Amino acid sequence: MKMEVPAHVALIIDTLEKAGFEAYAVGGCVRDTVLGRSPEDWDITTSARPEQVKRLFRRTVDTGILHGTVTVLLAQCGYEVTTYRVDGEYEDGRHPKEVAFTASLTEDLKRRDFTINAMAYSPKTGLIDEFQGMEDLQKGIVRAVGDGKERFTEDALRILRAVRFSAQLGFTIEEKTAAAAREMAGRLSLISKERIQAELDKILCSSHPEYMKVAYELGITEVVMPEFDRIMETPQRNRYHDLSVGEHTLKTLRNVKADRILRWTMLLHDFGKPEAKLEDPDGIIHFYGHAKISAKLAKEILRGLKFDNATLDAVTTLVYYHDFPFPVSKTGVRKALSRLGRELFPLLLEVCEADSKGKNSYAQETYLPKLLKIRAYYQEIMEAGDCTSLKELAISGRDLIQNGMNPGRELGLVLERCLEAVLECPEKNTRECLLKLAFCKSDAAD
Ligand code: ATP
Ligand code: MG
């Protein structure tokens, strides 16, 4: 089999081979190229030791020298070149205690997680596929290399990676591998939150974010995000819904584009529903105030998964406002803009749309026209350049001080009051009008 390999990769392999070593492109890049997808990066595996690799290339970085990885820099690109290795004993289901180099490519391929990730390729030798990775690629199957239970015991993250690859590729997890994953899922509690976050992120941003359900069925979410199990088990019986909270959530995930902030928002937006659930005597279920509870949970969950503050704030804010708790009017939209800011507001519209489209047809007929109106108001507001934030007000704190007001909390409140007035009535955003407003009201308060 012939495969298209980037010139740099071919050059690195060729250089290593000419120096008497073996070298292959390996793992994800081989898998993706066979599938006609463009690989994220190209990894190379070689019989050469790190010192030997370093001697052959002018510019290298010691990326993970203890694990045998050297990054070779060519032009502006970096390629990880890793010495064939076997992982030693796994101490704790997380880290091999030590890694040992080996002269055997087969040994190196054996330690890899799934058959589709355990193929190697060099232009001279062609494809090395010792575990029927090609067949599994064609069948659309994620299968552990060797015994699933053993492999998941060594490194429990692989359990979540199985779901991740199946979500990215639209593959099914082979039966025995799935059974092993289900049996071993509890060991995910040993894995660092950062590694869990990275895999969840990839599932959510994949073309099948709804495969979160597979993670649920395998008992994975119970360990890494038990709140997800709660929504899967919460029915909804009311005018707007014909699905459980969980199934609705999965539908909204599919309805929104593959953006990190949007996908995490959809995942978390109804996490507050199990807690807010209230059943009428006639069986109707209400979820009053659930958005607030969801926002609180979202914050805790994202913090627990070690998210950066910017992502955490954006997602939490969108979750909080996902029900658009503003009047459907120009003033309402200006208020929403001032609460969310210009960057997040357009995302809120996408969240609302995905959410509505995840409900029943009655709900869609109710909400989608409203959303159209909101979008139209938004357009008009942007075109008119209406003020929606303190920094766009025609006066600043300095103006107030120059006119005799003392700096401090009161001054901030006065500016807020000016903004509220301007959000109601954009014509009031003039110096004259706002100074009058600022001073007459505060006088009255004295
Ligand atoms: P991506 O497109 O996300 O980069 P990838 O297959 O390249 O996918 P990486 O996490 O970059 O995935 O890992 C590169 C390769 O290293 C994998 O293809 C696999 O062969 C091996 N590998 C990575 N993580 C593990 C693991 N936890 N256990 C066993 N093998 C692993
Ligand atoms: Mg990779």
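The combined condition, being of a type in the set (F, W, Y) and crowded, with 16+ Cβ neighbours inside 10 Å, is fulfilled by Y320. Only one of the listed residues (S206, S192) is touching a residue at least 60 places away in the same chain (Cβ under 8 Å), of a type in the set (S, T, Y) and closer than 23 Å to I301 by Cα. That residue is S192.
Is there a residue being charged (D, E, K, R) and under 14 Å from L16 (Cα atoms) anywhere in region 59-78?
The initial filter retains those residues of region 59-78 that are charged (D, E, K, R), namely 59, 62.
Then drop every residue that is not under 14 Å from L16 (Cα atoms), which leaves none.
So far as region 59-78 goes, no, none of its residues is charged (D, E, K, R) and under 14 Å from L16 (Cα atoms).
Among the residues of region 230-237, is any within 30 Å of Q138 (Cβ to Cβ), more than 16 Å from ligand 2 (Cβ to nearest atom) and crowded, with 22+ Cβ neighbours inside 10 Å? Looking for residues that are within 30 Å of Q138 (Cβ to Cβ), more than 16 Å from ligand 2 (Cβ to nearest atom) and crowded, with 22+ Cβ neighbours inside 10 Å, one finds none in region 230-237, hence no. Taking the numbered list (1) within 22 Å of L188 (Cα to Cα); (2) out of contact with any helix residue (DSSP H, G or I) (no Cβ under 8 Å at 6 or more places or on another chain) in turn, S104 passes all entries but (1).
Of the residues L400, L368, L419, L415, the single one that is within 25 Å of T265 (Cα to Cα) and not in a loop (DSSP other than H, G, I, E, B) is L368. The set of residues in region 129-149 being part of a helix (DSSP H, G or I) and acidic (D, E) consists of E135, D136. Entry remark, region 12-59: residues being more than 16 Å from ligand 1 (Cβ to nearest atom) and either modelled with pLDDT under 95 or among the polar types (S, T, N, Q) (or both) number 3 in total.
Here region 155-179 is the region considered, the condition is being among the small types (G, A, S) and either touching a helix residue (DSSP H, G or I) at 6+ places or on another chain (Cβ under 8 Å) or more than 18 Å from L35 (Cα to Cα) (or both), and the residue that is farthest from ligand 2 (Cβ to nearest atom) is A179. In region 211-233, the residues that are within 20 Å of L190 (Cβ to Cβ) reach residues that are among the hydroxyl-bearing types (S, T, Y) with C-beta atoms within less than 8 angstrom, at least six apart or across chains, in these pairs: A215/T221; E222/Y216; V223/S189; F228/Y216; F228/T221; D229/Y216; D229/T221.
Set side by side, the residues Y211, Y216 differ, and just one is surrounded by 18 or more Cβ atoms within 10 Å (Cβ to Cβ), farther than 19 Å from A354 by Cβ and modelled with pLDDT of 95 or more, which is Y216. So if I check each of E210, E194, which one is within 16 Å of the chain's Cα centre (by Cα), assigned to a helix (DSSP H, G or I) and farther than 18 Å from L305 by Cα? Of the residues listed, the single one that is within 16 Å of the chain's Cα centre (by Cα), assigned to a helix (DSSP H, G or I) and farther than 18 Å from L305 by Cα is E210.
Can you say whether R182 is within 11 Å of ligand 1 (Cβ to nearest atom), assigned to a helix (DSSP H, G or I) and surrounded by fewer than 21 Cβ atoms within 10 Å (Cβ to Cβ), as far as the supplied structure shows? No. Just name the residue that is surrounded by the fewest Cβ atoms within 10 Å (Cβ to Cβ) out of those in region 113-128 that are in a loop (DSSP other than H, G, I, E, B) and not small (G, A, S). Once the filter is applied, the top-ranked residue is K124. Looking only at region 338-355, decide whether some residue is surrounded by fewer than 17 Cβ atoms within 10 Å (Cβ to Cβ) and of a type in the set (V, I, T). There is no residue in region 338-355 that is surrounded by fewer than 17 Cβ atoms within 10 Å (Cβ to Cβ) and of a type in the set (V, I, T). Within region 17-39, residues that are within 17 Å of L109 (Cβ to Cβ) have Cβ atoms under 7 Å from residues that are more than 10 Å from ligand 2 (Cβ to nearest atom) and acidic (D, E) in these pairs: A23/E17; T33/E4, counting only partners at least 6 apart in sequence or on another chain.
The values are calculated or read from the model by the stated rules, or taken from the named source; none is laboratory data. Nothing here was measured: the structure is a model prediction, and the numbers come from that model. All Cβ positions, glycine included, derive from the backbone under ideal geometry; neighbour counts span all protein chains shown.
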